[in-house]
Each structure stands twice: as structure tokens, then as C-alpha cells.
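Below is one structure, written out as C-alpha cells; the observations come after it.
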Amino acid sequence: MRPVTRDAVPNNSPYAIRLNTMVSLQVDASQPPNWKFSVDSVIRALKTNTPSRWDLLQAEWYLATGTVPPANPGWTLPALLNAYATINRRLTKGAKGCNKAGPLLTGMFGEFCSFCEQYLPGHLVVQHCTPMSPFPYFTLCWDNLLLACEACNGSTGMLDKLTRDEVDRWGTYADDCARNVAIRGTPGNPATARYLWPDLNPLAYRNLVPYLTFWGNNQWNVLPFGESVKIGSAITQSSLANRHITATIFCNGTWYQNQTVMVQTSPLDQQALDSVNYYGFGRTGIGPGEIADCRMYNRTCTWFKAISFIGRLTSEPFDSVWPLIVRTAGQSGFYSVWIRVLHLMGGAGVFVPSDPTISYMQQFITDMAAYYPNTNTTAVP
């Protein structure tokens with residue numbers, strides 16, 4: 001997974017609600033409740049003063065405690081529920097305009113899915129990391145928006161997986177701000193998040209790296225890392241319709257022809273494993289309900305493409321091959337696949353002919369900045 005760094009949203013953007021404007025709802029009968037959002041952020045999100053700010057506070061109090069707010073005992077349960085439902089409806093209605101954030105996000109991260117890394121210009125949607133249906137107050141929060149492809153956003157990915165009941169099974173939370181922290185983590189401490197998020201965790205690459213597998217003895221087998229990028233490895237047959245790829249591969253000192261292969265992702269810890277399941281990264285695209293999922297297929301094609309282009313550096317002039325590598329890598333997506341293949345092929349220990357102080361890996365990361373903007377390379381080899 002490609003880690004990224006998020007820019008500040010322009011102040012005049014309708015998505016200028018930031019997580020740092022939120023405070024936890026104060027559940028204390030002796031004190032009035034605090035705002036969960038700043039007043040300006042709430043009014044910007046609702047685009048109205050009705051329900052009133054007081055209505056909003058009362059509804060939030062009920063959501064957090066399940067009791068009628070002590071500051072106004074005259075409120076009835078139906079009135080509270082109606083106020084909260086009205087607020088949610090207005091926020092969700094505003095979410096229909098969230099795709100207007102798409103150009104901002106595309107300019108920031110490039111036209112790549114923030115999760116699987118596919119390059120899909122014109123075919124990405126705005127993804128709410130903390131989902132908007134069960135948690136509507138994060139609908140217009142800039143920190144909560146990323147880009148996703150149909151598969152990562154849809155039925156084979158995150159769609160409808162994360163409900164309020166599911167989050168509440170993880171622990172006890174005072175309010176939705178606390179639930180959001182459980183999902184996304186404490187700011188500056190991504191290890192506290194349930195999932196691995198590319199915009200919050202600079203270790204996203206190292207914690208979820210791609211690797212090549214082949215099918216044998218009724219199971220997927222991992223190729224030795226060095227042999228998985230052997231020059232000469234190549235796809236022999238591929239079928240997008242069947243999500244099936246066969247290749248010539250080198251394993252344990254021997255070449256094998258027409259082996260069924262897939263590039264999968266290796267979770268380093270429980271957080272990464274939960275992420276693979278949540279994002280649907282382990283789906284091959286051939287199971288029930290996976291017909292629109294070609295993420296693993298495209299990832300595998302890119303792996304062999306990277307071997308082919310990078311391998312040419314051993315037999316052709318650097319100055320003629322390198323621009324082709326840069327352009328192909330920049331336009332094919334799957335940044336982490338290119339980094340992984342180059343790393344396994346020794347790119348950190350081979351140096352650019354014109355400057356023996358710069359390795360292929362360093363040059364590649366520098367050149368990719370034009371194609372993959374705001375990549376966080378802190379923990380990238």
C-alpha cells in the first residue's frame with residue numbers, strides 16, 4: 001500500500017471541517033455538553049440554522065447517553081429522535097455533493113485508488129473512511145475523505161461492512177468521535193487504528209507488501225523473494241474475463257512453464273490482516289460476487305511488467321531504458337509493486353551511471369514524485 005501525506009484543505013472549501021475541530025461530547029449531568037464540532041463547522045455542514053444549535057446539542061447528548069439531557073427535562077424522546085434524524089438527513093443529503101472533493105483529492109494524490117493503487121482516471125469515487133451512513137457527522141470532514149475504485153468502495157471492498165454495531169463490538173465508546181478514533185486511530189499514533197490507512201500510517205508500504213505466489217498442491221505457494229523477480233519470468237497467458245494468469249517462473253533453481261500465478265499482499269501484523277479482509281485485497285476476482293474485482297489480476301500483470309522493464313537495465317543503456325521505466329511505472333499504477341520489484345532486484349545497491357552516489361531506488365523515488373504526488377517515502381526502501 002502506498003503511504004501518502006494529506007495537504008491542508010483550502011479554507012473556502014465546503015470540506016474544511018477538520019478532525020482537530022472536534023471535541024468529545026462531555027457526558028456529565030452536572031455540566032452542559034460540549035460541541036462535538038466547532039459551531040462554524042456544524043453550520044457549514046448543515047447549511048442551515050434549523051434545527052437550531054441547541055437542537056443539535058440535545059440530539060448529540062441523547063445519542064451518547066441514551067437519556068434525556070438534564071439541561072432541558074422538557075424534551076421528549078420523539079422530539080430528540082426527530083431532531084437527530086433531521087440533522088442526519090441533511091448531512092447525508094450534503095454527502096451527495098462530496099464528489100466535488102474529487103478534484104481536490106486527485107490533485108493531491110493522483111488518479112490512483114488510495115487503497116489498492118490502481119490507476120483509474122475518471123473512474124474513482126470519494127471514499128468516506130469512517131462511513132457516512134452510520135456516522136453522518138463525518139460526511140463532510142476533509143480528514144475522512146480518500147479516493148477509491150469501484151472494487152475497494154463496492155461490495156467486494158468496504159461497502160456496508162462497518163456498521164455502528166460492528167464498531168461497538170470492539171469496545172465501549174462515549175460518542176462518535178471516540179468511535180472514529182477506534183476506526184482511524186489517534187492523530188499521530190496510527191497503531192491505535194483498527195485498520196491500516198494510507199494517509200495516516202507512513203508504514204503502510206512495509207506493513208502490507210506485495211509478493212508473488214503460484215498454485216500447486218491445491219494451495220497458493222510463496223516464491224522465494226529473490227527468485228520471484230528473476231529476469232526471464234514472464235506471463236505466458238492471461239484472461240481478464242477469467243481473472244487467470246499463467247507465467248514462466250523460476251523456483252528453487254528450476255524454470256517452470258505455464259504456472260498459475262497471483263500477486264498477493266502480505267500483512268505484517270493484525271492491523272494489516274484486518275485491513276486485507278476489510279478492503280477485500282485477498283479476493284481473486286473469480287469468487288461469488290467478485291465479477292467486477294480485477295485488483296489482484298491487474299496487480300499481477302504489473303509485477304511482471306516491472307520485471308520486464310527493470311530487467312532491461314542489465315543489457316541496455318541506462319539513458320534509453322530509464323525514461324521508459326519511469327513513464328510506464330507512472331502510468332500503470334501499483335506504486336508499491338514497482339518499489340517491491342525494484343527492491344528485490346537489487347535497486348538499492350546499483351547506482352546511476354552519471355552519479356555513483358544515487359541508487360536506482362533513490363532515482364526511482366525521485367522521478368515518481370511527478371506521477372505519484374504526496375507519496376510519503378519515510379518508510380519506503
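What follows draws every value from the coordinates through simple rules; no lab data is involved. Remember, it's a predicted structure, so these values are computed and weren't measured experimentally. When we count neighbours, we look across all protein chains shown, and the Cβ atoms used for this are built from the backbone with ideal geometry, even at glycine.
Remarks
- Sorting Tyr256, Tyr279, Tyr371 by the number of Cβ atoms found within 10 Å of their own Cβ, with the fewest placed first, yields Tyr256, Tyr371, Tyr279.
- Under-5 Å amide H pairs with Ala234, H placed in peptide plane, nonlocal only: Thr248
- Each of Glu316, Glu150 was scored by other Cβ atoms within 10 Å of its Cβ. Arranged with the fewest first, they read Glu316, Glu150.
- Taking other Cβ atoms within 10 Å as a rough exposure proxy, Ser275, Ser239, Ser133 sort from fewest to most as Ser239, Ser133, Ser275.
- Rounded, prolate or oblate (a/c below 1.5 giving rounded, otherwise prolate when a/b exceeds b/c) for the stretch 230-286 by Cα gyration tensor: oblate
- Rg over Rh for the stretch 271-378 works out to 1.04, both radii taken from alpha-carbon positions and Rh defined as the Kirkwood radius.
- Computed on the Cα atoms alone, the convex hull of the stretch 204-368 gives a volume of 130 cubic angstrom per residue.
- The spacing between the stretch 269-285 and the stretch 124-182, judged by their C-alpha centroids, is 16 Å.
- Scalar couplings 3J(HN,Hα) for the stretch 242-248, obtained by applying the Karplus form with A = 6.51, B = -1.76, C = 1.60 to θ = phi - 60°, are 9, 6, 10, 9, 10, 8, 7 Hz; x denotes Gly and Pro.
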